[in-house]
1. Below 11 angstrom from the Cβ of residue 194, what's the summed charge of the other residues (Lys, Arg +1; Asp, Glu -1)?
2. Could you run the Karplus curve 6.51 cos²θ - 1.76 cosθ + 1.60 with θ = phi - 60° over the range 54-59 and give me ³J(HN,Hα) per residue in whole Hz, x for Gly and Pro?
3. Once you have the Cα-Cα distance between residue 53 and residue 95, take 0.36 nm times their residue separation minus that, and quote the gain in nm to one decimal.
4. Do any of 62/152; 74/182; 65/152; 74/152 go past 21 Å between their Cα atoms, and which?
5. Using label points projected 7 Å from each Cα along Cα→Cβ, tell me how many nm separate residue 124 and residue 187, to one decimal.
6. Please state the shape class of the range 120-179: rounded when a/c is under 1.5, otherwise prolate if a/b exceeds b/c and oblate if not, all from the C-alpha gyration tensor.
7. Report the full-extension gain for the segment residue 132 to residue 16: residue separation times 0.36 nm, less the Cα-Cα distance, to one decimal in nm.
8. Could you name the aspartates and glutamates in cross-link range of residue 130, using Cα to Cα under 20 Å and dropping any fewer than eight places away on the same chain?
Amino acid sequence: SPTQTTPHSVMSVVSSVVFEQNPPANLRKSNFFSFVCRLFDASNQVLRISSALCVGFIENSKDTKVLRNGVRYKLHVVTQDGTEAEDFIHVIVVDSDSNEIVPFQGQDRNPSMTRVLLTHESICSRCAAKKSCGNKNDTPADPVIQDQTGLKVFLKCNQNCLINAGNPRELRKFKLAISGTKDLSCKNWAFSSPMFVHNNSKHGRVTKSKSSPDCLTDPSISLIWPQPGPLCGGRASSSVKTLRRMPTCCLEQLPFIRR
């Protein structure tokens with residue numbers, strides 16, 4: 001009879017994790033985001049992933065303070081020599097400066113929403129009722145395996161970087177940590193690039209620099225409407241409807257505008 005391979009712990013196989021696609025640097029709290037990572041063993045050989053499941057949330061705490069931060073995933077990986085491994089990895093939001101776990105500091109009447117990280121199925125009423133949901137395929141709770149080695153994860157950050165209203169001088173930022181433990185005590189394989197999480201659309205706007213070429217060009221006419229028509233009583237029947245600010249000498253060059 002064929003020999004059955006006994007799964008080992010993924011922590012005894014995974015040695016490092018690399019973010020191939022980091023989470024967005026500017027993220028609105030109401031939007032889902034994704035990242036892509038790959039797992040490597042001690043020989044720096046990429047691990048093949050045969051299955052990946054989201055198994056729940058992390059119930060962590062520190063100094064009697066409940067954090068409610070993180071999601072657990074169960075992976076089945078295969079090394080280059082065929083060794084199989086199966087265990088949990090954890091995705092946790094940490095402070096970008098101190099690498100401390102960020103606690104949930106928001107307010108919500110729904111206990112299932114009082115978490116730093118959320119999945120689609122945890123907040124979707126149709127998924128909770130076991131009904132068909134079109135958004136489930138766009139942002140699935142289970143990671144998507146790409147080319148047998150890439151792991152694409154979809155999550156939603158439910159905690160703002162800004163705690164109080166206003167415009168503070170120093171903005172707090174977050175990072176994602178991928179670890180083999182739920183409290184980051186060891187096996188911290190990777191940290192993502194910093195991301196700023198907010199619930200205000202103005203933080204995502206791009207401000208035009210004063211040194212941009214558009215601000216350095218000479219004033220010019222943007223539109224003349226209607227087109228110049230025949231003279232009537234010594235005056236042109238057309239008018240300038242929309243003009244950018246321009247010197248008087250430029251206006252005098254128009255055939256139908258005279259002082």
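Coordinate-derived values only; no laboratory data. Not measured: the values here are computed from a predicted model. Virtual Cβ from ideal backbone geometry, glycine too; neighbours counted across all protein chains shown.
1. +1
2. These are the phi-based 3J(HN,Hα) values: 8, 10, x, 9, 8, 9 Hz.
3. 12.5 nm
4. Over 21 Å apart, Cα to Cα: 62/152; 65/152.
5. 2.9
6. Verdict is oblate for the range 120-179.
7. Between residue 132 and residue 16, full extension yields an extra 38.0 nm.
8. Within reach: 121, 138, 142.
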